[in-house]
Amino acid sequence: MGLDTDQTTLAAARRVVLLVATRKGAWLYHGDPARGSWRVDGPHFLGHIISHVRLDPRDGRTLLAAAKTGHLGPTIFRSTDLGRHWKEAAKPPAFAAAAAGATGEVGRAVDHTFWLTPGPAAEPDVWYAGTSPQGLFRSDDGGISWAPYSCLNDDLLYRKWMGTVQDGTPDGPKLHSIIVDPRDPAHLYIAMSGGGVHESTDAGRSFRPLIDGLDVVEGFDRNDATFHDPHCLRLAPSRPDRLYQQNHCGIYRLDRPASTWQRIGRSMPAEVGDIGFPLVVHPRDADTAWVFPMDGSTVWPRTSPGGKPAVYATRDAGDSWQRLDAGLPPEEAWWTVKRQAMTADAQDPVGLYFGTTSGELWASGDEGRTWHCIARHLPEIYAVEAGEIAE
Amino acid sequence: MKVLIPSALRSYTESGWAEASGATLADVLADLDRRYPGIRFRMIDEQNRIRPHIRFFVGGVQASDLSQALDADAELLIVQALSGG
């Protein structure tokens, strides 16, 4: 099963670099060929709030970083030499200016770019960005200039579903998990932390909700996208018709063309539950995925359940889950992992990586069976991505 | 006019003081952006609002209106105003 493509084989010969975005800067960790030792490069942008750093998989050398500081407005930095030099985007993501004399709600301003997605191989200069307040933006020139994309940002119904800065996530609702179908650049998925999962099949000219089967907080209407809180949406690279989702209310799988999500988190241990932020899918096996559960009980501590962190893996598309905690602290570890802070490389065996809210970077070279800590004492980690460098 | 640049924006100017001209605060900021591309958007959002933790002072008095007229002999102080860990 799965598409072990030539592209994947090529990627296996490349060196892995981990891109760590934190509340106070970014760090790059360059792996040796065996992924046994890691050379640190950083900090980049010390003191800046970095939400996401991505390596362009199409050239293996261009980096984009989503940044802001406590005082200053948001921007995007770009490097074409793996971070030796950075240049600010000429036109960062910004909402359209409100019409002169407009009444009612004033125009919105981007507080921060939260998510970056490189476009498909067929569109080498395209990037997408998701922001808070929730908006979708696109660059057609490699991340130098950005413009609002699709109907989403100003559509009245979507604006209602998006809510305001007071709804949901503490530092503002976020448009995240922008996914481009690798077979069709016009087929997009997005998730809104306040507003649900949505799909476009016409290059963003229209979107429609994809929320059937998803639970919402008790007492609210599951048919209203407003009340949906997807935490992380992933497409299985080896089977693009398969989606997985870690949601505020459980873990789900959807095999298209079906449109009703199945709650595969029901088979998680009851004492752990199926609440969490990140989810990662195996690059070549669509039945294998990993999650990092957190405590979503009572006041939502958002820590590892019982202070005992663990990754959980499924090898059968969610029918069963196995606890993977060898090497992780056995107790008294009260951190968790945010939605962008867990990732996989494309090597064989797959390397898994996650960064914690307490500033630790953990790695597994054997698909989660054993874990070791690469770095400690970093600022709060917001995102970890694994890229493969062009030699 | 002389413009005092806060430390958070000196990556643009590479200096604590910059020169910019214009009849209003908006004009001066536009001129500053011509000289140091990108600096204005870090202070003023896409709806022409001063960002929450940026303050402007002219002659010791806060300027909160971008249309405020400025004296070419005055000094514009840009201040970053934020605390916390």
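Any read-out appearing in this document is the output of simple, stated calculations on the displayed coordinates, not a laboratory observation. These figures come from a predicted structure and were not determined experimentally. Cβ atoms come from the backbone with ideal geometry, glycine included; neighbour counts cover every protein chain shown.
Taking 30 Å as the limit for the C-alpha separation, the pairs A:Lys91/A:Lys338; A:Lys174/B:Lys2; A:Lys24/A:Lys174; A:Lys87/B:Lys2; A:Lys160/A:Lys308; A:Lys24/A:Lys87 exceed it in the case of A:Lys174/B:Lys2; A:Lys160/A:Lys308. Stretched out straight at 0.36 nm per residue, the stretch from B:Asp71 to B:Thr24 would grow longer than its current Cα-Cα span by 16.1 nm. Taking a ≥ b ≥ c as the square roots of the eigenvalues of the alpha-carbon gyration tensor, chain A is classed rounded because a/c is under 1.5. Each part reduced to its alpha carbon centroid, the range A:180-252 and the range A:302-376 end up 24 Å apart. Taking label positions 7 Å along the Cα-Cβ direction at both A:Ala122 and A:Ser267, the computed distance is 3.4 nm, reported to one decimal.
Subtracting the Cα-Cα distance of A:Asp141 and A:Asp212 from 0.36 nm times their residue separation leaves 22.0 nm of extension gain.
Partner shielding of A:90-100 amounts to 2, given as the average count of beta-carbon atoms from other chains within 10 Å of each residue beta-carbon.
If you take all other residues with their beta carbon under 13 Å from the beta carbon of A:Arg208, and give Lys and Arg +1 and Asp and Glu -1, the sum is -3.
Multiplying the residue separation of A:Arg39 and A:Ala326 by 0.36 nm and subtracting their alpha-carbon distance yields 100.9 nm. Look at the dipole of the protein assembly as shown built from charges on Cβ: of A:Gly276, A:Ile50, A:Gly135, the Cα furthest out on the positive end belongs to A:Ile50. The charge dipole of the range A:116-186, taken about its Cα centre with unit charges on the Cβ of Lys, Arg, Asp and Glu (plus for the first two, minus for the last two), comes to roughly 240 debye. Using +1 at the Cβ of each Lys and Arg and -1 at the Cβ of each Asp and Glu in the protein assembly as shown, identify which of A:Ile179, B:Leu32, A:Gly163 lies farthest towards the dipole's positive end. Farthest along the dipole direction, towards plus: B:Leu32.
Shape of the range B:2-80 from its Cα gyration tensor (a ≥ b ≥ c, root eigenvalues): rounded if a/c is under 1.5, otherwise prolate when a/b > b/c, or oblate? In terms of gyration-tensor shape, rounded.
From a point 7 Å beyond the Cα of A:Arg315 in the direction of its Cβ, which residues of the range A:272-303 have a backbone N at a distance under 13 Å? From the range A:272-303, the list is A:287-289. Using Cα pairs under 8 angstrom and six or more residues apart, how large is the relative contact order of chain B, in percent? It rounds to 35 percent for chain B.
Residues A:Ile381, B:Ile50, A:Ile275, A:Ile389, ranked from the fewest to the most other C-beta atoms within 10 Å, line up as A:Ile389, B:Ile50, A:Ile275, A:Ile381. Name the shape class, rounded, prolate or oblate, that the alpha-carbon gyration tensor gives for the range A:242-385, where a ≥ b ≥ c are the square roots of its eigenvalues, rounded holds for a/c under 1.5, and otherwise prolate holds if a/b is larger than b/c and oblate otherwise. Note, shape of the range A:242-385 comes out oblate. With a 10 Å cut-off around each Cβ of B:34-43, the average count of Cβ atoms from other chains is 4. Taking all Cα pairs closer than 8 Å and separated by 6 or more residues, the relative contact order of the range A:266-391 comes to 20 percent.
For chain A, the relative contact order is 13 percent, taking Cα pairs closer than 8 Å that sit 6 or more residues apart in sequence and dividing their mean separation by the residue count. Seen from a random direction on average, the alpha-carbon convex hull of the range A:194-275 projects onto 6.0 square nanometres.
Distance between the C-alpha centres of the range A:98-167 and the range A:48-62: 19 Å, rounded to the whole angstrom. Here the spin labels are modelled as points 7 Å beyond Cα on the Cα-Cβ line, and at A:Asn223 and B:Ser7 they lie 5.7 nm apart. Of the residues A:Thr343, A:Thr201, A:Val106, the one whose Cα sits farthest towards the positive end of the charge dipole of chain A is A:Val106 (charges of +1 on Lys and Arg Cβ, -1 on Asp and Glu Cβ, taken about the Cα centre).
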